[in-house]
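Undergrad: One structure, pasted below without further comment.
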Amino acid sequence: MKALAGGYAQARDLRHALDLLGQADGMGRVLAGGQSLIAAMNMRLTSGDLLVDISRIAELRGVALDGGWLRIGALTRHAEIGRDALIARHAPLLTRAVGHIAHSAIRNRGTIGGSLAHADPAAEFPACVLALEAVLHLDGPDGRRDVAAEDFFLGVFETAIEEGEILTGISVPVAQDGERHVLREAARRSGDYALAGLCLLRRTAGHRLAAFGVGPCPILARGAMEKLDHGDIDGAVAALSGEIDPPGDTQASAAYRRHLAGVLLRRALSDLEGEQS
Amino acid sequence: MTISFGNPDRPNSYIGKTVPRPNAPRLVQGRGKYVDDIVLPRMAHVAFVRSPHAHATIGAIDTAGAKEVKGVLRIFTGAEIAEVCTPWVGVLAHLKGLKSPPQHALAVDRACWVGEPVVAVVATSRAAAEEAAALVDVDYDPLPVVTDMMSALDADTPVLHADMGDNLAFRRLHEEGDVDGVMATAHKVVSARFKTARHTGVTLEPRSILADWNPAEQQLTTWNATQAPHMIQTVLATHLGLPEGRVRVICDDVGGSYGIKVHVYPDEVATAAISKIMERPVKFVADRLESFSTDIHARDHEIEAKIAVDAEGRILAIDVDDWTAIGAYSVYPRTSAIEGNQVVNLCGGPYDFANYRAQTTVVFQNKTPTCQYRAVGHPIAVAVTEGLVDLAAAELGMDPVEIRRRNMYADDVYPVTSPAKMKFEGLSHHASLNKLLELMDYDGLRAEQAALRGKGIHRGIGIASFIELTNPSPFMYGIGGARISAQDGCTVRMDPDGSLVALSGVTEQGQGTEAMLSQIVAEGVGVSPDRVRVITGDTQVTPYGGGTWASRGAGIGGEAALQSARALRGAILEVAGAMLQSPAEALDIRDGQVVDAASGEVRMPLEELGRIVYFRGDTLPKGVPRELVQTRHFITSDYPFAFTNGVQASYLEVDTETGIVTLLKHWCVEDCGRIINPQLVDEQIRGGIVQGLGGALFEEIHYDAEGQLLNGSMADYLVPMAAEMPDMVVGHVETPTMESELGAKGAGEAGTAGAPAAVMNAINDALRPLGGQVTAMPFTPERILRALGRITD
Ligand SMILES: Cc1cc2nc3c(=O)[nH]c(=O)nc-3n(C[C@H](O)[C@H](O)[C@H](O)COP(=O)(O)OP(=O)(O)OC[C@H]3O[C@@H](n4cnc5c(N)ncnc54)[C@H](O)[C@@H]3O)c2cc1C
């Protein structure tokens, strides 16, 4: 199928991008890496969009350390995240996630902002930022605002981004000494979206567990986290099973995904132990 | 003079060597020419409105909104196309009882599957045509659907085509010996129910056609991505009411076919009809979503099968009840009964046993039509046979290798006729198996498997022997009344500079046919392969031939090339003899030079001979023939098919908690007779294995109960990808066919034939101690866990 765009404009800077969106009469659509949007357009899942290409806005790209926060620009590409030394040191969960996202060609173009804004239920980065307690920065017609990751993902492809707003970046609290991050997922083929996946953090304050591919959006498994804090692995597996709401489709049934989440949790825990030793 | 293939040091020894592919630089540099690359003056594009219903009557068609779209030229309904294009019926006389209703290029009155073309929109661009197609309003009245295969013949299932009386398209029962009697008294009888999933071929280049009716010439020229240009020529001529000679089908580069592009597709015929009506070039290139719902599907079979063995593991009887659902129509002109028919022909293939019964039941349903796809029927027959043999071995506590050794036809019994009545000229099951075991270090792997089992790691080794049908004679299609040629021809010409042009009726689909032909012609005449240009795929240029299917390119087209090259060599030497005043027999051609056969001394370069013949013919004695163009044709006649054989092995690991299978290594030893280009054969085997592994682990087209296609995109239909593929070791045994001087049989489908069975047997080998077994492909993680009882809800 041939895509049908309503128009295209390249934004010079953030202000310009916001203006273009403001003038688009509700038909504006941010174009970042294009790895999800262009595919959707080519299948005519969306058409008539006035594309506002933000990919050249330098201020939205890059990684910086800012006190206890790691600030990552929305346009930072998956491949850049994967090789960034600051991220490897302060938020290794993101480094690990990159190896599971699609293939090199897609990682070279796809952006973390695009991944978060797109909010695919099986995507890695949304679950990562949820587990990491990141803050997402939005800019829009009414100014800037910050949204906690927990309040950002609302449903399948649905986020807290309002009409006319752009996700400019995220801030991730830097990992404390001794903090451990693991990511476990299972997919039918390497690079496919996960059938189920887990981000597991062990902090001095306790565990953080976010699941993806097992609900309409990434799920923070509080019940399982609590059981893990008490060292109750079987309890955590049981709790997780109750907290997720996996879909069934042509790849696997909900029952399989639920089972898989339990297996992945046990494996993630043994990864954590392996990390610690 | 015959070629001493056994002597690697013979002059011009290109047959049997890996030589560079002449078309590779063109393809990798992006200089190929696919249908989509061709742009003609006044060319229009067509997009199709396709049925969103699996079964519905077509009511009023409102095109008013669509006509408003800028760039739209014309919109056609089925009735309008039917005025210039007659419907076709996909039956063959030798498949007794096969029935199928007339099928139109665009559905008339009734649509029978999701994706069937209903309305054609022609515009100045594909984008405009698509935009308008979305605005065409068709008034559908949904009809009851038939989607389930096994209940298609039940009394309370609606009949899909009322005129056909019932949903049975074809049934064939073959019986040999006394199956029931033997089963009743045998030492062991083991049974299983197998399933192979609905697949499609997923060619890199989608189906494409550019049709150009020139009213001034009264000729239709089409550029097609096809495997069988001459067959398409006949079909277009027949259904558009044109003389065959006024249809020219050109086939430039083709981006993979796998059998998908050897069939007649309604949208392609409609495109040609539209060109005829509009008197201008019209292009149709399927997009990926259309490909999934309109390229032929295949392999949708359910099989109940039994094997009886004696206490020593000898096979006494095999009983197969095969069912397949072929969609709404039997595909024209090869029919959709061939796959089931092949299952009947091929089950039990490698084994010397006496009592055999096989029945195939082919039913209609409201899904995309199925037809021949790489290794037609083989993966099914091999899975059933090899699955049964492994189950019998397990039941007897016998090693899977041992049971095969006890039953495979001995290497010295040929010629022999199988209980399925297949004639084998010469196969090498035991030599191939021995070579395989050596390549894979079977005993070492078994030891490793046992050691790892102790550590909770579950690995499996699976073996699958197979036979493969290649080089078909007219017994495949011709005797059934189809104008599908089993013979093929080649013309070889020497030009003044001593270079050669070879025109062949077989086609290049990206698999290397041109390389194969160039080295045969090079050796046959006596020049280096880079002095040979190969032209294929043009019905007004090449000799008449069948094209590329059923692994016939090298065996049939290659022999025609060899014979025409040998004839040209003779013609050249005749002229040379006259010029050099030497008997032709005393001369030879080596590396582009006429030489003294005995001493090898150079007598004259071919360009000198060319110069004299073409420009100074006055200096040659009057009456010396100067026929530097020679054509030969070849057809097999001793055997209906040249069977090949081989054996594959898979080594894999099953994660018994997730159900995920990791392929560790794969081996294949096959016997395709004379190997012309080892690298091309190995890559055919590897590519074929990959498609077989796809079927074993990933590929499955899903429909819901209403006949809606659920996974028609590359995101949802999982093709095998590089990361999951194991290393593959390929070995060969060579048993040339005596039907031809070349001795080549086919190699293109062997990999696909055996790989799924090898994987199935390996998975079951891994699961056996845990008490699980899988026989329904693809073996998804979920199916494996369910077989292990790890998930039950
Ligand atoms: C074959 C394939 C496999 C893939 N596999 C995976 C996978 O395994 N895991 C995974 O996580 N992803 C996967 N992806 C998706 C990939 O990661 C995308 O890059 C990502 O989802 C979107 O990022 P993008 O920059 O390409 O965004 P785009 O495609 O440009 O945009 C996506 C959406 O987000 C919006 N958007 C983008 N940036 C912003 C912004 N800054 N502010 C507001 N809205 C914005 C767009 O308007 C659009 O709606 C895959 C993609 C492909 C093609």
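Values quoted throughout were computed directly from the atomic coordinates according to the rules given, and no laboratory measurement underlies them. Everything quoted here is computed from the prediction, not taken from an experiment. Please note: Cβ atoms are built from the backbone with ideal geometry, for glycine as well, and neighbour counts cover all protein chains shown.
Undergrad: Once the convex hull of the C-alpha atoms of region B:161-316 is built, how many Å³ does it hold per residue, rounded to a whole number? All intermediate terms of the calculation are to be shown ahead of the outcome.
TA: On the way: hull volume 30.4 nm³, N = 156.
Output value, Cα hull per residue: 195 Å³.
Undergrad: For the charge dipole of the protein assembly as shown, defined by +1 on Lys and Arg C-beta atoms and -1 on Asp and Glu C-beta atoms about the Cα centroid, which residue among B:Val182, B:Trp549, B:Gly30 has the Cα displaced farthest towards the positive pole?
TA: Working it through, the farthest residue towards the positive pole turns out to be B:Gly30.
Undergrad: While we're on this one: Remind me, what semi-axes does region B:496-638 give for its equivalent ellipsoid, largest first in whole Å, using sqrt of 5 times each Cα gyration tensor eigenvalue?
TA: Working: eigenvalues 171, 45, 37 Å².
Semi-axis lengths for region B:496-638 are 29, 15, 14 Å.
Undergrad: For region B:40-188, would you read off the P(r) tail past 20 Å as a percentage of all alpha carbon pairs?
TA: Working: 6812 of 11026 pairs.
Result: 62 percent of Cα pairs exceed 20 Å.
Undergrad: How big is the charge dipole of region A:60-173 about its Cα centre, in debye rounded to the nearest 20, if each Lys and Arg gets +1 on its Cβ and each Asp and Glu gets -1 on its Cβ? Don't jump to the answer; show the numbers that get you there.
TA: On the way: 10 positive and 15 negative charges, 148 e Å.
Its charge dipole is roughly 720 debye.
Undergrad: At q = 0.09, 0.22 Å⁻¹, what is the base-10 log of I(q)/I(0) for region A:1-134 according to the Debye formula with one equal point scatterer per Cα and no solvent? Please give it to two decimals.
TA: -0.28, -1.33
Undergrad: Still on this structure: To make sure I understand, if each residue's beta carbon is the centre and we count other beta carbons within 10 Å, what order do B:Asp163, B:Asp252, B:Asp139, A:Asp249 fall in, fewest to most? Present the calculation step by step, with values, prior to reporting the outcome.
TA: On the way: B:Asp163 8, B:Asp252 17, B:Asp139 11, A:Asp249 14.
Fewest-to-most ranking of B:Asp163, B:Asp252, B:Asp139, A:Asp249: B:Asp163, B:Asp139, A:Asp249, B:Asp252.
Undergrad: Tell me the volume per residue, in Å³, of the convex hull enclosing the alpha carbons of region B:430-504. If you can, show how the numbers build up before the last one.
TA: Values: hull volume 16.7 nm³, N = 75.
So the per-residue hull volume is 223 Å³.
Undergrad: State the Kirkwood hydrodynamic radius of the protein assembly as shown in Å, one decimal place, computed from all pairs of distinct Cα atoms.
TA: Values: mean 1/r = 0.0315 Å⁻¹.
After inverting the mean inverse Cα-Cα distance, the result is 31.7 Å.
Undergrad: Less than 11 Å Cβ to Cβ from A:Leu14, Lys/Arg counted +1 and Asp/Glu -1: what total charge do the surrounding residues give? Walk me through the intermediate numbers first.
TA: Numbers: positive: A:Arg12, A:Arg15, A:Arg144; negative: A:Asp13, A:Asp19, A:Glu59, A:Asp139.
Every neighbour counted, the sum reads -1.
Undergrad: Here is a follow-up. With charges only on Cβ, +1 for K and R and -1 for D and E, what is the dipole size of region A:143-225 about its Cα centre, in debye, rounded to 20?
TA: Details: 10 positive and 11 negative charges, 106 e Å.
It works out to roughly 500 debye.
Undergrad: Another question, then. Calculate one ³J(HN,Hα) per residue across region A:10-15 by plugging θ = phi - 60° into the Karplus curve 6.51 cos²θ - 1.76 cosθ + 1.60, and present them in order as whole Hz with x for glycine and proline.
TA: 9, 7, 6, 8, 4, 4
Undergrad: Just the ratio, please: alpha-carbon radius of gyration of region B:312-429 over 2.2 N^0.38 Å, N its number of residues. Before the final figure, lay out each step's value.
TA: Details: Rg = 15.9 Å, N = 118, 2.2 N^0.38 = 13.5 Å.
Relative to the 2.2 N^0.38 Å estimate, region B:312-429 comes out at 1.18.
Undergrad: Over the Cα atoms, compute the radius of gyration (one decimal) and Dmax (the largest Cα-Cα distance, rounded to a whole number) for chain A, in Å.
TA: Spelled out, the Cα radius of gyration and Dmax of chain A are 18.6, 57 Å.
Undergrad: Something else about it: Could you work out the local net charge near B:Gly397, counting Lys and Arg as +1, Asp and Glu as -1, over the other residues with Cβ closer than 13 Å to its Cβ?
TA: Details: positive: B:Lys188, B:Arg768; negative: B:Glu312, B:Asp390, B:Glu395, B:Asp399, B:Glu402.
Residues near B:Gly397 contribute -3 overall.
Undergrad: Using only the alpha-carbon atoms of region A:60-173 as identical scatterers, what base-10 log of I(q)/I(0) does the Debye formula give at q = 0.19, 0.24 Å⁻¹?
TA: With one equal scatterer per Cα and no solvent, log10 I(q)/I(0) is -0.94, -1.52.
Undergrad: Give me P(r) over region B:599-668, computed from all C-alpha to C-alpha distances, binned every 5 Å, as integer percentages.
TA: 3, 9, 10, 8, 7, 7, 5, 6, 9, 8, 6, 6, 5, 5, 3, 2, 1
Undergrad: If you filter region B:217-275 for GluC sites (Glu not before Pro), then keep DSSP loop positions with at most 11 other Cβ within 10 Å, what is left?
TA: Working: sites: B:Glu217, B:Glu244, B:Glu268; in loops: B:Glu217.
Counting only loop positions with at most 11 other Cβ atoms within 10 Å, the GluC sites (Glu not before Pro) in region B:217-275 are B:Glu217.
Undergrad: A follow-up question, please. Just want to confirm a number: the relative contact order over chain B, from Cα pairs under 8 angstrom separated by 6+ residues, in percent. Working shown, then result.
TA: Details: 2051 pairs, mean separation 122.3, N = 793.
Averaging sequence separation for qualifying contacts and normalising by length gives 15 percent for chain B.
Undergrad: A follow-up question, please. Applying the Karplus parametrisation 6.51 cos²θ - 1.76 cosθ + 1.60 with θ = phi - 60° to the phi angles of region B:141-154, what ³J(HN,Hα) value in whole Hz is obtained for each residue in order, glycine and proline being reported as x?
TA: Karplus values, whole Hz, x for Gly and Pro: 10, x, 10, x, 10, 10, 10, 7, 5, 6, 9, 4, 9, 5.
Undergrad: Moving on. Collect residues whose amide H, placed 1.01 Å from N in the peptide plane, falls under 5 Å from the amide H of B:Thr221; neighbours closer than 5 in sequence don't count.
TA: Residues meeting the criterion, in which the H sits 1.01 Å from N, are B:Asp212, B:Trp213, B:Asn214, B:Arg248.
Undergrad: Right, here's the next one. Between A:Tyr8 and A:Ala58, what length in nm is gained on full extension when 0.36 nm per residue of separation is reduced by their alpha carbon distance?
TA: 16.1 nm
Undergrad: Taking every pair of distinct Cα atoms and averaging 1/r, then inverting, what Kirkwood hydrodynamic radius in Å comes out for chain B? It would help to have the intermediate numbers written out before the result.
TA: Values: mean 1/r = 0.0362 Å⁻¹.
So the Kirkwood estimate lands at 27.7 Å.
Undergrad: Sticking with this structure for a sec: B:Ile38 versus B:Asp704, label points 7 Å from Cα toward the beta carbon: distance in nm?
TA: In this crude spin-label approximation the distance works out to 4.1 nm.
Undergrad: Sticking to Cα atoms, compute the Rg of region A:5-53 to one decimal and its Dmax as the biggest Cα-Cα distance, whole number, in Å.
TA: Considering region A:5-53 through its Cα atoms, Rg and Dmax are 10.4, 31 Å.
Undergrad: Which of the DSSP-defined H helices in chain B satisfy a minimum axial length of 30 Å, computed from C-alpha atoms, and a minimum mean Kyte-Doolittle hydropathy of -0.5?
TA: Values: long enough: B:558-580 (32 Å, 0.73).
The answer, listed by residue number, is B:558-580.
Undergrad: I need the phi-derived Karplus couplings for region A:40-52: 6.51 cos²θ - 1.76 cosθ + 1.60, θ = phi - 60°, integer Hz, Gly and Pro marked x.
TA: 5, 5, 5, 9, 6, 6, 9, 8, x, 5, 8, 7, 10
Undergrad: Still on this structure, I have one more. At a Förster radius of 41 Å, what calculated FRET efficiency corresponds to the Cβ-Cβ distance of B:Leu770 and A:Ala105, to the nearest 0.05? Display every interim value, and only then the final one.
TA: Details: r = 40 Å, r/R0 = 0.96.
So the FRET efficiency works out to roughly 0.55.
Undergrad: So how tilted is helix A:233-243 from the main axis of chain A? Cα-based, degrees 0 to 90, rounded to 10.
TA: With rounding to tens, the tilt is 40 degrees.
Undergrad: Taking H placed 1.01 Å from N in the peptide plane, check which residues at least 5 places from B:Ala642 or on another chain put their amide H under 5 Å from its amide H.
TA: Answer set, sorted by chain and number: B:Thr470, B:Asn471.
Undergrad: Could you work out the Rg to Rh ratio of region A:180-276, with Rh taken as the Kirkwood radius (inverse of the mean 1/r over all Cα pairs)?
TA: On the way: Rg = 12.6 Å, Rh = 13.2 Å.
Across region A:180-276, the Cα-based Rg/Rh ratio is 0.96.
Undergrad: Still on this structure, please answer the following. Please report, in whole Å³, the volume per residue of the convex hull around the C-alpha atoms of region B:114-165. The partial results should precede the final answer.
TA: On the way: hull volume 6.0 nm³, N = 52.
Cα-based convex hull of region B:114-165, divided per residue, equals 116 Å³.
Undergrad: When the scattering of region A:157-202 is computed by the Debye formula from its Cα atoms alone, each counted once and equally, what is log10 I(q)/I(0) at q = 0.14, 0.17, 0.28 Å⁻¹?
TA: The calculated log intensity ratios at q = 0.14, 0.17, 0.28 Å⁻¹ are -0.66, -0.86, -0.96.
Undergrad: Take B:Ser125 and B:Val89, extend 7 Å from each Cα along the Cα→Cβ direction, and tell me the distance between the two endpoints in nm.
TA: Each label point lies 7 Å from its Cα, and together they span 4.5 nm.
Undergrad: In addition: Residues with amide H under 5 Å of B:Leu73's amide H, sequence separation 5 or more or different chain, H placed in the peptide plane at 1.01 Å from N; which?
TA: The answer is B:Val122, B:Ala123, B:Thr124.
Undergrad: Still on this structure, please answer the following. Measure up B:Lys96/B:Lys423; B:Lys423/B:Lys745; B:Lys195/B:Lys306; A:Lys2/B:Lys70; B:Lys99/B:Lys195; A:Lys2/B:Lys283 against 18 Å on the Cα-Cα distance and list the ones that go over.
TA: Numbers: B:Lys96/B:Lys423 21 Å; B:Lys423/B:Lys745 15 Å; B:Lys195/B:Lys306 14 Å; A:Lys2/B:Lys70 15 Å; B:Lys99/B:Lys195 25 Å; A:Lys2/B:Lys283 15 Å.
Listed pairs above 18 Å: B:Lys96/B:Lys423; B:Lys99/B:Lys195.
Undergrad: So if I place +1 on the C-beta of Lys and Arg and -1 on the C-beta of Asp and Glu, and nothing else carries charge, what would the dipole magnitude of chain A be about its Cα centre? I want it in debye, nearest 20.
TA: So the magnitude is around 940 debye.
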